[in-house]
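Novice: Mind looking over this structure? Questions follow.
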């Protein structure tokens, strides 16, 4: 198993730790959950960097790395909905985007087409991680406008990036070719 894949598996292992910490009713646990989420988020960039730099790109990593990212974000969103800090509609919109783009990528892969991450996907990922960290830090409790703002930022970036992925790659579903290949 490659170093990059081990780092990805550590990210997955941190998810239950993160969830247990968020369930605790203490200040230290909140900050520990923040730290665990921040560490897990950073491992996403680290494992990708290592995989590319040291030629450790693998089919296992291509499958598990995006799954780990989604599980981490889904865990945080579900906690926010359960705590009443995010409306269920926003969580569902974000989940729908992630599942739609992942499904599109799977269809493309079955046809030998790789759908690369776009700048919009990267913007979405960074904005979601930052917003989740702000909400974990309790910023929405200090500033009443921060929770709704983060919710809208996450919902809008998910929607825009999802629409762009579908628009740019719909030909994969229709013809088996991506727009970028034409």
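Novice: At each listed q (0.21, 0.25 Å⁻¹), what is the log10 of I(q)/I(0) that the Debye formula gives for segment 1-83 modelled as equal alpha-carbon point scatterers?
Specialist: The Cα Debye sum returns log10 ratios of -0.88, -1.11.
Novice: Using a Förster distance of 30 angstrom, determine the FRET efficiency expected from the C-beta separation of residue 49 and residue 153, and round it to 0.05.
Specialist: 0.70
Novice: Name the shape class, rounded, prolate or oblate, that the alpha-carbon gyration tensor gives for segment 84-182, where a ≥ b ≥ c are the square roots of its eigenvalues, rounded holds for a/c under 1.5, and otherwise prolate holds if a/b is larger than b/c and oblate otherwise.
Specialist: Here segment 84-182 falls in the prolate category.
Novice: With each pseudo-label sitting 7 Å past Cα toward Cβ, what's the residue 26-residue 174 distance in nm, one decimal?
Specialist: Rounded to a tenth, the inter-label distance reads 5.8 nm.
Novice: In what sequence, highest mean first, do 106-114, 121-129 appear when ranked by Cβ atoms within 10 angstrom?
Specialist: Top to bottom by mean Cβ count within 10 Å: 121-129, 106-114.
Novice: Using the alpha-carbon centroid of each, what span in Å lies between segment 120-149 and segment 1-55?
Specialist: 18 Å
Novice: Can you give the extra length, in nm with one decimal, that the chain gains between residue 19 and residue 57 once fully stretched, where that is 0.36 nm per residue apart less the Cα-Cα distance?
Specialist: Extra length from residue 19 to residue 57 when fully extended: 10.8 nm.
Novice: How far apart, in nm, are the 7 Å Cα→Cβ label points at residue 6 and residue 103?
Specialist: 3.8 nm
Novice: Tell me, in nm to one decimal, what length is gained between residue 164 and residue 92 on full extension, where the rule is 0.36 nm per residue of separation less the Cα-Cα distance?
Specialist: So the extension gain works out to 24.1 nm.
Novice: Which distance in nm do the two modelled labels at residue 145 and residue 67 give, with both placed 7 Å along the Cα-to-Cβ direction?
Specialist: Result for the modelled spin labels: 4.2 nm.
Novice: Hey, another quick one. For helix 27-53, what angle does its Cα long axis make with the longest principal axis of the chain, in degrees from 0 to 90 and rounded to 10?
Specialist: Value to nearest ten degrees: 20.
Values quoted throughout were computed directly from the atomic coordinates according to the rules given, and no laboratory measurement underlies them. Small disclaimer: the values here were computed from a predicted structure and weren't measured. Glycine also receives a Cβ, built like all others from the backbone with ideal geometry; neighbour counts cover every protein chain displayed.
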